[in-house]
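Data first, discussion second: the structure below is written as structure tokens.
Nothing in this text is a laboratory measurement; each read-out follows from the coordinates by a stated rule. Fair warning: this is a prediction, and the values are worked out from it, not measured in the lab. FYI the Cβ positions are ideal-geometry reconstructions off the backbone, even for glycines, and counts take in every protein chain you see.
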Amino acid sequence: MTDRIRYIMIGGFLGAGKTTTLGRLAKTYIARGKRVGIVTNDQATDLVDTRTLRAQGFDVGEVAGACFCCNFNELLETMSKLGEDERPDIILSEPVGSCTDLVATVIQPLKRLYDAEFTIAPYCVILKPGHGRRILANEKRAGFSPRAAYILKKQLEEADGILINRIDELSDEQAAELAGLIHETHPDTPQLRISARDGTGFDALLEFLEQDGDFGRKVLDIDYDIYADGEAELGWLNSSIHIRDDETFALDDLLFSVIGKLQVSLDEIEAETAHLKAIGLWEGFYGVANLISRDSDPELSLPSNCEVDDVELIVNARVAVDPEQLETLVQSAVKEACEQLGAEAEFRQTQSFRPGRPVPTHRFDDAG
């Protein structure tokens with residue numbers, strides 16, 4: 001009998017650190033001799049997360065055009081393709097950061113319909129410290145409307161474990177405050193403090209994920225009208241751009257400049273950022289810059305340390321703003337950054353929209 005594949009899904013709001021967490025988990029499992037596949041997810045194509053993980057050498061499949069819950073059959077097909085050459089021992093998956101109700105629409109269907117193929121690890125959800133603290137503390141200026149905040153709260157509600165990420169950036173007092181806020185609303189849910197960047201807490205996380213048990217049982221009582229309205233508040237943009245110059249320039253400077261200029265223009269119109277990501281790809285090298293909220297600083301999360309004259313740039317933006325306005329601002333930021341370097345930008349494909357109402361392929365309203 002073929003061993004079942006261990007399915008590990010890591011959820012969390014946009015900008016929580018899911019991709020970095022999956023990358024570190026994958027490296028650790030591979031170092032232990034495990035075969036690992038990764039599935040990313042987005043409402044559109046040209047996903048920075050997919051390119052970033054593939055650039056690190058991982059076997060990655062992408063479910064694009066809808067969330068896992070609304071594209072469950074493609075999730076299964078993508079996982080089966082990961083095993084065409086060599087069946088994975090573990091599949092790590094990262095759902096869209098604006099999605100919730102994943103226990104009822106992903107985990108329960110896997111458990112009930114495909115139990116012979118998969119074992120289910122505890123479902124962990126990463127808390128994004130900045131937005132998470134403000135939303136859990138019910139601050140008036142939490143960054144998002146109550147309908148968008150509803151999604152983050154529901155994500156935590158269905159978790160088997162809650163991960164406080166970016167612990168390396170938090171003081172002891174800030175970490176304790178977050179832990180207290182989580183305990184007030186979810187006193188029976190285990191908490192772990194981690195840093196996906198430097199690996200703090202990952203030994204405990206791995207031990208937690210290796211537990212055997214009946215996980216994924218917290219089926220939500222959820223209002224899909226509020227959920228849909230919350231998702232629709234976000235402008236969604238994925239854009240691919242070819243950039244070239246007669247002379248070489250620092251790829252990292254370009255990435256940092258694009259994200260920095262976007263931050264300034266979005267701040268001018270008081271638009272809250274859920275996440276901005278930009279990846280530059282050149283002859284096997286890559287760099288990534290991002291911004292995770294309006295009041296944070298742009299970050300060169302994966303420096304390339306490369307001088308280039310021809311590069312493929314992909315920008316993903318999730319912002320509480322009209323998608324047409326977001327597209328205009330992204331184009332302006334890219335063009336201005338290129339002009340300062342003396343480079344030319346050719347926009348090849350751009351998708352900008354608001355996510356539609358979630359319509360799950362399956363939904364079980366109880367835990368089987």
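Here is how the numbers come out for the structure above:
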{"read-out": "Residues 327, 270, 158, 94, sorted so that the one with the fewest Cβ neighbours within 10 Å comes first", "value": "270, 327, 158, 94"}
{"read-out": "Gaussian network model of the chain, springs between alpha carbon atoms under 10 Å - residue of 250, 232, 175 with greatest fluctuation", "value": "250"}
{"read-out": "Gain upon complete extension [residue 296, residue 137; 0.36 nm per residue less C-alpha separation]", "value": "55.4 nm"}
{"read-out": "Net charge, residue 40 excluded, C-beta distance under 11 Å - Lys, Arg +1, Asp, Glu -1", "value": "-1"}
{"read-out": "For residue 263, net neighbour charge (Lys/Arg +1, Asp/Glu -1) across residues whose Cβ lies under 15 Å away", "value": "-4"}
{"read-out": "Integer Hz, Karplus 6.51/-1.76/1.60 couplings in order for the range 145-158, x for Gly and Pro", "value": "5, x, 6, 6, 5, 4, 5, 4, 5, 5, 4, 5, 5, 9"}
{"read-out": "Rounded to 5, percent antiparallel among DSSP beta bridges of the chain", "value": "60"}
{"read-out": "Karplus (6.51, -1.76, 1.60) ³J(HN,Hα), θ = phi - 60°, over the range 294-303, in Hz, Gly and Pro reported as x", "value": "5, 9, 9, 9, x, 9, 8, 6, 9, x"}
{"read-out": "³J(HN,Hα) computed for each position of the range 280-286 - Karplus, 6.51 cos²θ - 1.76 cosθ + 1.60, integer Hz, glycine/proline x", "value": "x, 10, 8, 6, x, 9, 7"}
{"read-out": "Hydrodynamic radius by Kirkwood, which averages 1/r over all alpha carbon pairs of the range 1-160, in angstrom", "value": "16.2"}
{"read-out": "Among the listed pairs 81/335; 18/218; 27/261; 34/153; 27/81, those beyond 31 Å (Cα-Cα)", "value": "81/335; 27/261; 34/153"}
{"read-out": "Per-residue Cβ neighbour rank within 10 angstrom, fewest leading, 87, 147", "value": "87, 147"}
{"read-out": "Hydrodynamic radius (Kirkwood) for the range 236-353, which is based on Cα pairs only, to one decimal in Å", "value": "13.9"}
{"read-out": "Cα gyration tensor of the chain - equivalent ellipsoid semi-axes, whole Å, descending", "value": "32, 24, 20"}
{"read-out": "12 Å Cα-Cα reach of residue 111 towards aspartates and glutamates, excluding residues that sit fewer than 8 places from it in its own chain", "value": "214"}
